[in-house]
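Here's the structure we're looking at; comments come further down.
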Amino acid sequence: MSRQVLSWGRLPAPEQRLIRLGSRFDALPTTSGSLLPYALGRSYGDSCLNSGGALLATRGLDRYIAFDRDSGVIEVEAGVSLGEIIALALPQGWFPAALPGTRFVTVGGAIANDVHGKNHHRAGSFGHQVLGFELLRSDGQVLHCSPTANAALFAATIGGLGLTGLIRRASLQLQRVPGPWIRGSSERFGSLAEFFALSAESAAASAYTVAWIDSSATGANTGRGLFIRGNHADGPASPTTPKGIRLPITPPISLINPLSLSAFNALYYRRPAAVISDALWHWQPFFHPLDAVQEWNRIYGPRGFYQYQCVVPMQDAENVISEMLRRIADSKLGSFLVVLKTFGSMAARGMMSFPRPGATLAIDFPNRGAQTLALLDALDALTMAAGGAVYPAKDARMSPTAFRQYFPQWQAFASHVDPRFSSSFWRRVTETEVSR
Amino acid sequence: MRRILIMGASSAIAEATAREFAALGDALFLVGRNADRLAAIADDLRLRGAAQAETWVMDARELSAYPALLDAATQRLGGLDTALIAHGTLTDQVAAQASSELMLAEFQTNALSQMVLCTELGNRFEAQGHGCIAVISSVAGDRGRQSNYVYGSAKAAVTAFTSGLRQRLHPKGVQVLTIKPGFVDTPMTAAFKKGPLWATPATVAKAIVKAVQRGKPVLYTPWFWWPIMQIIKNIPEAMFRKLKL
């Protein structure tokens, strides 16, 4: 059946076939054309789309398989979401060792994008907690992959964008936590130099660190923002889970524009609650403030939005990110959602993993057509010059040249790609000739 | 804690309902055709809180196998007080109107097997003086339409049968619940275009558990199917025969 499937950025996309899997014992469908696993569609661009081919909807593989309350090892089908893992494990004192900025991602998607969280400097990325998984290849082989079994395919599949076959089940090592609470602080900083000082200073004592940047600040205020840090902590018993709301419709135009943005940013930066020296957060607002508004991505209107997330090596990070922020502020094309964080030095387990040592900047851009794309190309030039990389899970437009520089091992990876699997992203960055 | 037989346990609505029961700590006896799938569902339900999750492989069309099934369920759960009858197929109308053999087979699956199980369960629950039989019928059984009257008439039989059974067993303390889902987004209906009338299995499951707990006789789910079906039932036949429904 063909239907409109959008990725999280809601950029216009062609209709594609959606084939639903309801059981991990199902064989791959015998359909013509290429296949790509698709679950909750939280990838922003075209890495979770397969125009002209079929999407294997894996959300039906949503069963828990086993959970050891003593060791914190959980085994689940690949379509189980991280929120569902937390629902089962947190009451027993266990929590994902790495958790991205939304709980509405599945284990399969988290592996395929080797997602990271605010504790990368401690725990690495999602792949570091993966003990193993089962991969169904289109030739019918079912392979158990782990750091010791089928190790090359294990490394190719972590961060492998769903291209190496269908992950059907996976086991994870969770981390021990005292409960649902995070104790920490939020403070203002006036410049990127201050941000890097705070990051370095808090890395040892805080499991989670992240910063929000005021993208409309210019001149001496460039790079100002809020620094948030925290640790799992004891707190009151039986918390009430915060209730969410839903953005019910897509507004006819983007609600994010230069006027609303600079006003909002200035208020957000200056509000009294921005500075809290001793805060106790429930894990949901701490990790996932946006999850409280279902379908918040509609705020950018019917044209959708781009997210740009890059990482740049630490030695040039301050200069490069400062230059990026200047260009973004000058362009007035940015949005409220700007996140800056430093990655730790743990080497990723995936061949194609995005996380690597350095500072990572993520920012949303409402889709304003050519001028937005030109700005993103300019940011790419800076990232490439600095020897950094852009996150495929967030991307809808990077050039084949940029991709091949960011992921120099892409050809070695290509030898592990299942011949029946492909994606719009993969074809875009590998099948087009590189311009010289 | 309820001790619940779930017939057709790997169907989307049944599995979603089983998860609701599991979260309440109930004990479950899961029946289906595929042993691997049943075992995977049972593992999942135990982790979701089911006091017990047993499995039993059988083909629902084997009408002589029901007494043995009920004996096994009663023995393994230490009694039985609730049953959810959720097995079935979505009939290919075009094929079934071309072949009376296929039409009879569909009746076997979607009507007769459910009625046999209701008979066996009804007599046992009557004897023990309590119990709940929840049967998934369909809004399609409210009026025969050219687009699916083979399926619809099988469900009409189930609806009429459970209505009579309910009257008979009500004074004996046994609840009979006729469940009439509308369009539900399940693998059974994967080939259909989905519109605003479509509900998820999870929504339907929550409504079923609430109806069981409250002792309701008939459940239209989602609720808006009740007014829709009142209109469809009341269209005069002279006009109805000209419609393309």
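The values are calculated or read from the model by the stated rules, or taken from the named source; none is laboratory data. Here the structure is a predicted model, which means the values were calculated and not measured. Methodologically, a virtual Cβ is constructed for each residue, glycine included, from the backbone with ideal geometry; neighbour enumeration extends over all protein chains shown.
For B:Tyr220, the conditions (1) part of a helix (DSSP H, G or I); (2) within 13 Å of the chain's Cα centre (by Cα); (3) among the hydroxyl-bearing types (Ser, Thr, Tyr) are fulfilled apart from (1).
For A:Ile85, the conditions (1) closer than 27 Å to A:Lys118 by Cα; (2) within 14 Å of chain B (Cβ to nearest Cβ); (3) surrounded by fewer than 24 Cβ atoms within 10 Å (Cβ to Cβ) all hold with the exception of (3). Picking from residues in the stretch B:38-56 that are touching a Phe, Trp or Tyr at 6+ places or on another chain (Cβ under 6 Å) and charged (D, E, K, R), the one that is farthest from the other protein chains (Cβ to nearest Cβ) is B:Glu54.
Step by step: first the residues of the stretch B:19-31, then only those that are away from chain A (no Cβ under 11 Å) and of a type in the set (Gly, Ala, Ser), then the one that is surrounded by the fewest Cβ atoms within 10 Å (Cβ to Cβ). Which residue is that?
Of all residues in the stretch B:19-31, those away from chain A (no Cβ under 11 Å) come to B:20-21, B:24-31.
The next check asks that each one be of a type in the set (Gly, Ala, Ser); those that pass are B:25, B:27.
On the way: B:Gly25: 13, B:Ala27: 22.
So the residue we want is B:Gly25.
When A:Asn319 is tested against (1) at pLDDT 95 or above; (2) closer than 24 Å to A:Asn119 by Cβ; (3) not acidic (Asp, Glu), only condition (2) is not met.
Among the residues that make up the stretch B:87-100, is at least one of them free of Cβ contacts under 8 Å to residues at least 60 places away in the same chain, crowded, with 17+ Cβ neighbours inside 10 Å, away from chain A (no Cβ under 14 Å) and among the hydroxyl-bearing types (Ser, Thr, Tyr)? No, the stretch B:87-100 contains no residue that is free of Cβ contacts under 8 Å to residues at least 60 places away in the same chain, crowded, with 17+ Cβ neighbours inside 10 Å, away from chain A (no Cβ under 14 Å) and among the hydroxyl-bearing types (Ser, Thr, Tyr). The criterion of at least 2 residues that are more than 25 Å from A:Gly33 (Cα to Cα) is met by the following helices (runs of 4 or more DSSP H) wholly inside the stretch A:379-436: A:400-406.
Across the stretch A:43-78, the number of residues qualifying as away from chain B (no Cβ under 14 Å) and either buried (at least 22 other Cβ atoms within 10 Å of the Cβ) or assigned to a strand (DSSP E or B) (or both) comes to 8.
Residue check: A:Leu21 meets all listed conditions (1) within 11 Å of chain B (Cβ to nearest Cβ); (2) surrounded by 21 or more Cβ atoms within 10 Å (Cβ to Cβ); (3) at pLDDT 95 or above but one, namely (3).
Can you tell me which residues in the stretch A:39-63 are free of Cβ contacts under 8 Å to residues at least 60 places away in the same chain and not basic (Lys, Arg)? Give the steps one after another, and end with the answer.
Here is the first cut: in the stretch A:39-63, the ones free of Cβ contacts under 8 Å to residues at least 60 places away in the same chain are A:41, A:52, A:54-55, A:57, A:59-60, A:62-63.
Passing the criteria: A:Gly41, A:Gly52, A:Ala54, A:Leu55, A:Ala57, A:Gly60, A:Asp62.
What about A:Arg298, is it of a type outside the set (Val, Ile, Thr) and surrounded by fewer than 16 Cβ atoms within 10 Å (Cβ to Cβ)? Considered against the rule, which asks whether it is of a type outside the set (Val, Ile, Thr) and surrounded by fewer than 16 Cβ atoms within 10 Å (Cβ to Cβ), A:Arg298 comes out as no. Screening B:Arg124 against (1) more than 20 Å from B:Thr159 (Cα to Cα); (2) charged (D, E, K, R); (3) outside any helix (DSSP H, G or I) leaves a single unmet condition, (3). One residue stands out in the stretch A:328-347 among those that are assigned to a loop (DSSP other than H, G, I, E, B) and surrounded by fewer than 23 Cβ atoms within 10 Å (Cβ to Cβ): the one that is farthest from the chain's Cα centre (by Cα), namely A:Lys332. Taken as a whole, the structure places B:Asp59 among residues that are surrounded by fewer than 17 Cβ atoms within 10 Å (Cβ to Cβ), over 28 Å from B:Gly129 (Cβ atoms) and more than 14 Å from chain A (Cβ to nearest Cβ). Within the stretch A:391-436, the set of residues being surrounded by fewer than 16 Cβ atoms within 10 Å (Cβ to Cβ), closer than 17 Å to A:Arg356 by Cα and either touching a residue at least 40 places away in the same chain (Cβ under 8 Å) or within 17 Å of the chain's Cα centre (by Cα) (or both) comprises A:Gln409 only.
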